[in-house]
Amino acid sequence: MPHEIQVKTILNKKKKRDSWFLDDYTLNLYSSCSFNCLYCYIRGSKYGLNLEDSLSVKVNAIELLDKQLALRAKKGHFGYIVMSSATDPYLQIEKKYELTREALKIIAKHKFPLHLITKSDLITRDVDLLHEVNKNAILPADLAKKFNKGLIVSFSFSTLDDKVGKIFEPGATKPSVRFETLSTILKEGFHAGVSLMPLIPFISDTKEHLDILFSSFKKIKANYVMPSTITLFGNEAADSKTLMLRAIRKHYPELETKYLNYFKNGSEMPAYYQNAFYKKMQELSKEYGLPHKIITAK
Ligand code: SF4
């Protein structure tokens with residue numbers, strides 16, 4: 001059972017908008033995440049081994065959001081709200097609590113633009129409200145000249161292979177279902193694409209896997225594909241590096257030495273790998289005509 005908690009504030013104003021995610025604000029209605037991805041950057045002792053055990057519901061979130069957005073709207077501080085940065089807005093418990101659905105009504109009411117990031121098919125429940133947000137949103141003045149989408153939807157993938165997904169994202173919606181959901185969202189006319197974050201070295205960043213990923217996203221006319229390689233932290237039991245190394249040992253023993261070499265003393269893949277990775281991603285982006293950012297420089 002998730003904990004029900006009261007919070008003092010719900011909308012976080014970012015000092016600087018990230019050029020990838022366009023986050024002027026972040027909004028997390030839940031704390032922790034039952035999708036339990038092994039590579040997740042929120043992992044660590046604070047949340048424990050099974051992220052689901054520390055799941056919390058911010059039960060006063062909607063009331064707070066209404067007040068905070070009313071104030072921001074009054075001052076004309078319109079900007080993209082990213083939902084979510086440290087959980088998924090469509091966890092299994094969203095079916096019961098409907099905090100995301102209620103938040104969408106408030107966001108549409110105050111005319112804020114929204115970037116939803118999810119791994120779940122539950123998003124299709126809210127298509128009616130997504131249209132409202134998209135239609136009503138007032139964009140931040142500095143972006144409005146080059147971009148006019150009130151709603152952006154990014155689906156996160158580390159693979160399109162359900163067997164691989166089950167190992168590394170055990171609690172999340174299967175990648176195949178996620179893919180169909182992205183296709184549905186695109187057919188609704190929304191500006192939607194993919195956050196390929198992270199691609200898993202030697203597993204989902206192989207030539208064969210990348211061709212499947214990019215050709216599949218091209219086929220359904222995704223608006224963008226944002227790729228990134230992996231970062232792993234910590235040596236304690238609940239840390240992402242420990243959990244990923246254990247999964248590699250169990251499911252890909254032939255890769256264990258490579259992973260130990262790269263991650264024993266650090267959190268990132270070496271520079272030569274990263275350079276080759278981002279070069280390859282640019283080539284694929286060009287080859288498939290899939291921009292690597294939501295807004296690319298002209
Ligand atoms: S869905 Fe996102 S927040 Fe949730 S466990 Fe996976 S990476 Fe972490």
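The values are calculated or read from the model by the stated rules, or taken from the named source; none is laboratory data. It should be emphasised that the depicted structure is a prediction, and the values quoted were computed from it without experimental measurement. With ideal geometry, Cβ positions are generated from the backbone for all residues, glycine too; neighbour counts draw on all protein chains shown.
Numbers below:
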read-out	value
Matching option when the condition is charged (D, E, K, R), more than 23 Å from Val7 (Cβ to Cβ) and either more than 16 Å from the ligand (Cβ to nearest atom) or out of contact with any Pro (no Cβ under 7 Å at 6 or more places or on another chain) (or both), among Asp66, Asp53, Asp126, Asp121	Asp121
Failed criterion for Lys95 (all others in (1) closer than 26 Å to Ser183 by Cβ; (2) buried (at least 18 other Cβ atoms within 10 Å of the Cβ) hold)	(2)
Qualifying positions in the stretch 59-84 - surrounded by 21 or more Cβ atoms within 10 Å (Cβ to Cβ), within 18 Å of Asp24 (Cβ to Cβ) and hydrophobic (A, V, I, L, M, F, W, C)	Leu65, Leu69, Phe78, Ile81, Val82, Met83
Condition check for Ile248: without any contact (Cβ under 8 Å) to a residue 12 or more places away in the chain, in a helix (DSSP H, G or I), touching a Leu at 6+ places or on another chain (Cβ under 7 Å) and more than 25 Å from Asp18 (Cα to Cα)	yes
Some residue of the stretch 131-150 being under 16 Å from the mean Cα position of the chain (by Cα) and surrounded by fewer than 23 Cβ atoms within 10 Å (Cβ to Cβ)	no
Condition met for Leu116 (in a helix (DSSP H, G or I), in contact with a helix residue (DSSP H, G or I) (Cβ under 9 Å, 6 or more places away or on another chain) and buried (at least 21 other Cβ atoms within 10 Å of the Cβ))	no
Some residue of the stretch 167-182 being more than 16 Å from the ligand (Cβ to nearest atom), under 16 Å from the mean Cα position of the chain (by Cα) and among the polar types (S, T, N, Q)	no
The listed residue being out of contact with any helix residue (DSSP H, G or I) (no Cβ under 6 Å at 6 or more places or on another chain) and at pLDDT 95 or above, out of Lys145, Lys174, Lys149	Lys149
Neighbours by Cβ (under 6 Å, 6+ apart or cross-chain): first from the stretch 78-106, away from the ligand (no atom under 16 Å from the Cβ); second assigned to a loop (DSSP other than H, G, I, E, B) and among the β-branched types (Val, Ile, Thr)	Phe78/Ile138
Single residue of Phe168, Phe217 found to be touching a helix residue (DSSP H, G or I) at 6+ places or on another chain (Cβ under 7 Å), hydrophobic (A, V, I, L, M, F, W, C) and either crowded, with 18+ Cβ neighbours inside 10 Å or within 30 Å of Asp128 (Cβ to Cβ) (or both)	Phe168
